[in-house]
Structure formats: C-alpha cells, structure tokens
Amino acid sequence: MTGNKGRRLNQYSSDYVVFDLETTGVRTDADEIIEISGIRVRDHQVVDEFSTLVNPGMHIPAAASRVNHITDDMVKDAPEISEALGDFLEFAGNDILVGHNIRSFDLNFIYRVTMRIYNADITNDYIDTLYMARQCLPDLSHHKLSDVAAYFHISTQGAHRALNDCIMNQQCYEKLGQILQQKRKTQPEVLCLRCGSEMVKRKGMYGEFYGCSNFPRCRGTRKV
C-alpha cells in the first residue's frame, strides 16, 4: 500500500518542510484527506506556507468534524485531492518532511493517495517528532503534539487544524532539535552500516543490540 518510503531520520536539520493533514477518520487505508498544510523552513526560519482544504468527495463524519471543525460546507468548493496533493508535493519538493506521528499516520495517507492517483512513490526522508519527543523528553507522561507544546510553553490555540499544527510542530521541532544536539555531545549516534540511518538499542532473546531505526525496510543490526 505504501510503496517505497524515504528513511526515518533523527537529526536537527536546518532546512525542511513541516506538514500536517486533517482527515475524515483514522483509517489510513480507507479514510480521505480533507486538509493539507505545510511550512517551508530554511536555516531554521519559516520562509513559506502552504494550506488548502480538500473536497473528499464524501460526507465528513460528525466525529471527524468534532475534532478538526471542518464541515461539508467548508470543503464543497475546495479542490479535489488530485489537485491539492499535486500542489503540496510541488511545495515540498525533495525536502526532508517533518511531522508528529507521521510515520504511522500522515505519511501513509500521502503514500496511498499518491500511488492511487499518480502510480508513484514518495521517497522524501522524514523526521517524526513523536520519536524525537520520546527520546528527548523521557520523563513526559504523554507525547502528543499538544503535550510537547505545553512542555515548551508553546501555544496550542487552534490545534487540530493543519496549518496551526504545523506552526506548533515547527516550534516544537526546533526545541527538540536543540535538546538532541546536547544529548549527542555525550551520547554520539550509532549509524547503520547498511543504510546510514540511526541505530537504536533494542532487547532480544540474547540481550541488548543495536537495530536500524528504519526496520523493517532495513534490518541492519550491530552489537552493543
């Protein structure tokens, strides 16, 4: 379903595109996109924004509208997904994509729809700030985007609209990246010899080992 994915990175990049989706539901294999937003960042500064509602060609369930406040009336004159997605992909280009929980949610929507419409893969490398937050803020009880934002005293006003979440997430990523840099001064990253991605400690039958963070795409391992 998802085609060829880019690598999941764990780094503090200066140039990237933060993106976020709103959808008709949480089923990445069946629900539809109703909003796409992105923020382009160069040298850690926001330089451009992209945002569009999307007509999903179906009724937006009330449960979804309660979360994102997007209704059928709001999207009736919006572009269809083929136009909206094409515009977003042009905006994103070959940049690293940054988002919160995108590995298991947003990216799978993008992969599926891109394959359906264009019969093409999206191979941009990406950074999932959910994984970064768990690594950098291990004492935080929950790692939802709103929890991370609250930790850094970043406004959560307008959450669950795509552009607002992008703005929030970009600020969180910059804070997390600074923490990650400090951690790496005392805990240098271990890189996979197969694909160059970060290795993470895992536990197996015979104790701890390093496994590639891009598992199952890459199954590289190293001894601790």
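The values are calculated or read from the model by the stated rules, or taken from the named source; none is laboratory data. Owing to the predicted nature of the structure, the values given are computational and were not obtained by experimental measurement. Here the Cβ positions follow ideal geometry from the backbone for every residue, glycine too, while neighbour counts run over all protein chains shown. Note: accessible area is taken over every heavy atom of the protein model, side chains too, but ligands, DNA and RNA are not part of it. Shrake-Rupley method; radii C 1.70, N 1.55, O 1.52, S 1.80 Å.
Restricting attention to region 66-118, the residues being within 24 Å of L130 (Cα to Cα), at pLDDT 95 or above and among the hydroxyl-bearing types (S, T, Y) number 2. Looking at I102, I36, I122, just one residue is assigned to a loop (DSSP other than H, G, I, E, B), touching a helix residue (DSSP H, G or I) at 6+ places or on another chain (Cβ under 6 Å) and open to solvent by less than 60 Å² (accessible area, probe 1.4 Å), and that residue is I122. Could you please let me know if T156 is of a type in the set (V, I, T) and either open to solvent by 20 Å² or more (accessible area, probe 1.4 Å) or more than 17 Å from the chain's Cα centre (by Cα) (or both)? So T156 fits the description; yes.
Of the residues that sit in region 159-194 and are of a type in the set (A, V, I, L, M) and under 16 Å from I39 (Cα atoms), which one is most open to solvent (accessible area, probe 1.4 Å)?
Only one residue tops the list, namely I167.
Could you check L163 against (1) more than 30 Å from N68 (Cα to Cα); (2) touching a residue at least 40 places away in the same chain (Cβ under 8 Å); (3) under 21 Å from the mean Cα position of the chain (by Cα) and say which number it fails? Going through (1) more than 30 Å from N68 (Cα to Cα); (2) touching a residue at least 40 places away in the same chain (Cβ under 8 Å); (3) under 21 Å from the mean Cα position of the chain (by Cα) one by one, L163 breaks only (1). Checking each residue in region 127-144 for being part of a helix (DSSP H, G or I) and in contact with a helix residue (DSSP H, G or I) (Cβ under 6 Å, 6 or more places away or on another chain) picks out T129, M132, A133, C136.
Criterion first (among the charged types (D, E, K, R), at negative phi and over 18 Å from the mean Cα position of the chain (by Cα)) does D72 satisfy it? In short, yes. Flag set for D77, criterion: outside any helix (DSSP H, G or I) and either free of Cβ contacts under 8 Å to residues at least 60 places away in the same chain or open to solvent by 40 Å² or more (accessible area, probe 1.4 Å) (or both).
Yes or no: region 10-25 includes at least one residue that is in contact with a strand residue (DSSP E or B) (Cβ under 8 Å, 6 or more places away or on another chain), touching a residue at least 12 places away in the same chain (Cβ under 8 Å), surrounded by fewer than 20 Cβ atoms within 10 Å (Cβ to Cβ) and of a type in the set (S, T, Y). Among the residues of region 10-25, at least one is in contact with a strand residue (DSSP E or B) (Cβ under 8 Å, 6 or more places away or on another chain), touching a residue at least 12 places away in the same chain (Cβ under 8 Å), surrounded by fewer than 20 Cβ atoms within 10 Å (Cβ to Cβ) and of a type in the set (S, T, Y), which makes the answer yes. Out of all the residues in region 34-47, is one or more among the basic types (K, R) and free of Cβ contacts under 8 Å to residues at least 60 places away in the same chain? Looking for residues that are among the basic types (K, R) and free of Cβ contacts under 8 Å to residues at least 60 places away in the same chain, one finds at least one in region 34-47, hence yes. Checked against the criterion of being part of a strand (DSSP E or B), among the hydrophobic types (A, V, I, L, M, F, W, C) and closer than 15 Å to I102 by Cα, the candidates V17, V46, V26, V41 yield just one match: V17.
Any idea which of M132, M115 is closer than 21 Å to S82 by Cα and either touching a Phe, Trp or Tyr at 6+ places or on another chain (Cβ under 8 Å) or surrounded by fewer than 19 Cβ atoms within 10 Å (Cβ to Cβ) (or both)?
Being closer than 21 Å to S82 by Cα and either touching a Phe, Trp or Tyr at 6+ places or on another chain (Cβ under 8 Å) or surrounded by fewer than 19 Cβ atoms within 10 Å (Cβ to Cβ) (or both) holds for just one of M132, M115, which is M115.
Just to be sure, is A149 of a type outside the set (V, I, T) and under 16 Å from the mean Cα position of the chain (by Cα)? Criteria met by A149.
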